[in-house]
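Structure first, commentary second.
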Amino acid sequence: MSDELRNGFYPDFESGWRRAEVVGRIAMLLVVAATLAGLLGGGPATLWTSHVAAGALRVEFPPVIRFGTPTGLTLHVDPRSDQTAVAIAMPAALVKRFGLQSVTPRPLAWSAGPDGEVRMTFGVLPGLKDLVVEVGGMPIGSGSLELSARLDDAPALSWSQAILP
């Protein structure tokens, strides 16, 4: 061993050093990947939006949201020219898991169905082509969140979001 040290090369140390270097690089790559996925805070994945549409209703939402962090979704309704009001119904999970905190514009009326469904009625100005409703919340818990929305005269539109811890 003294000959190896005198010559400036110690194989056991060198192999240990290489092993530590590889483990460190893998750890750094995992941290970068977790950050990109949004697991360590707001990352690029939390900025993506998805769209679902059926008939006169479209929903824009982030597919990845974080527990205890404000988030939102946008509902677009194309009202008929003769409509003066539009009612949007959403499941109880909107309040229980999504943590409903705000709805803009303010609904004219709120009501709850027997299964906890939340029904909001919005006024429609004459000639309005796109009613935009912003729904804000703060998700409770983690896992998968299944939501849906429907107009009174249309089938339900469903989507899912992943709630990260």
Report, ordered by the first and then the second residue, all pairs with beta carbons closer than 6 Å, sequence separation of six or more or different chains, a first member in the range 84-99 that is over 25 Å from VAL124 (Cβ atoms), and a second member that is open to solvent by 40 Å² or more (accessible area, probe 1.4 Å).
ARG97/ILE140; GLY99/MET138; GLY99/ILE140
Within the range 76-94, identify whether any single residue is under 15 Å from the mean Cα position of the chain (by Cα) and not small (Gly, Ala, Ser), and answer yes or no.
yes
Hits in the range 127-139 - residues which are surrounded by fewer than 15 Cβ atoms within 10 Å (Cβ to Cβ), at pLDDT below 90 and not charged (D, E, K, R)
GLY127
Is it true that GLY72 is open to solvent by 20 Å² or more (accessible area, probe 1.4 Å), within 26 Å of SER142 (Cα to Cα) and not in a strand (DSSP E or B)?
no
Please go through the range 17-48 and give me each residue that is surrounded by fewer than 11 Cβ atoms within 10 Å (Cβ to Cβ) and at pLDDT below 75, ordered by number.
LEU47
If we keep only residues of the range 80-97 that are part of a helix (DSSP H, G or I) and open to solvent by 30 Å² or more (accessible area, probe 1.4 Å), then the residue nearest to PRO155 (Cα to Cα) is VAL95
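The values are calculated or read from the model by the stated rules, or taken from the named source; none is laboratory data. As the structure is a computational prediction, the values presented were derived from the model and not from experiment. Don't worry about glycine lacking a Cβ; one is built from the backbone with ideal geometry, like all the others, and counts go over all protein chains shown. Accessible surface areas use protein heavy atoms only, side chains included; no ligands, DNA or RNA. Shrake-Rupley method; radii C 1.70, N 1.55, O 1.52, S 1.80 Å.
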